[in-house]
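Visitor: Questions regarding the structure given below will be posed in turn.
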Amino acid sequence: MNSATLSAAKELQKLAEFIVQARKEILAINAPTGEDQKKNLAIAAMQLDEVVQHTEEATNKIMDKCDAMSRVAMKVDIPWVTKELGDISLGILEACSFQDITGQRIRKVMRTLAEIEIRVARLVSIFGGTLPEGIHSGTLSLSTSARPDEHLMEGPQLKGGGASQEEIDKLMNS
């Protein structure tokens, strides 16, 4: 055997060993049972979805109470009290915008978790493993967008990411 053939054989052997090790690792991923179910990605995603729903419900209640406070404030015959209560109500309503941004961020995390789970399921299938009951990698889709134009949206950015307020102002003024 010449040196090029020997080198190629060694590389193929390394690749085969890597595949065997990867297969062992992937096959070691089992559907959690008992207490370990709380660590399942699907369960984590459902928990995050519950957080979004409860936060949205609480925010809606807060906003309804602010509206009620504003209506009562309009009935007060003391102008500075009416203005002060209106300003407080508006401040609370503006602060409630956290819910939308929080929901968007959590949904980004949920999509990432779903993508990880799908890709792991596909790898398990590729390596000949058994998928947990109810999961079929052939039918899984990474398309979890709620909107057809969602790919155009970037949602809330991490600190220092995205466009600055100055850039947005320039765009709006052009």
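Visitor: Which pairs have Cβ atoms under 8 Å, sit 6 or more apart or on different chains, and link a residue in the stretch 60-89 that is touching a residue at least 24 places away in the same chain (Cβ under 8 Å) to one that is surrounded by 11 or more Cβ atoms within 10 Å (Cβ to Cβ) and polar (S, T, N, Q)?
Guide: CYS66/SER89
Visitor: Listed residues THR59, THR33, THR5; which is modelled with pLDDT under 65 and of a type in the set (Ser, Thr, Tyr)?
Guide: Every option except THR33 fails the conditions.
Visitor: Looking at the stretch 99-133 only, could you name the residues that are within 19 Å of THR55 (Cα to Cα) and either without any contact (Cβ under 8 Å) to a residue 24 or more places away in the chain or not in a helix (DSSP H, G or I) (or both)?
Guide: ASP100
Visitor: Could you tell me whether any residue of the stretch 39-52 is surrounded by 11 or more Cβ atoms within 10 Å (Cβ to Cβ), among the small types (Gly, Ala, Ser) and either modelled with pLDDT of 90 or more or not in a helix (DSSP H, G or I) (or both)?
Guide: No; the residues of the stretch 39-52 include none that is surrounded by 11 or more Cβ atoms within 10 Å (Cβ to Cβ), among the small types (Gly, Ala, Ser) and either modelled with pLDDT of 90 or more or not in a helix (DSSP H, G or I) (or both).
The values are calculated or read from the model by the stated rules, or taken from the named source; none is laboratory data. As the structure is a prediction and not an experimental result, all values here were calculated from the model. Cβ: placed from backbone, ideal geometry, glycine included. Neighbour counts: every protein chain shown.
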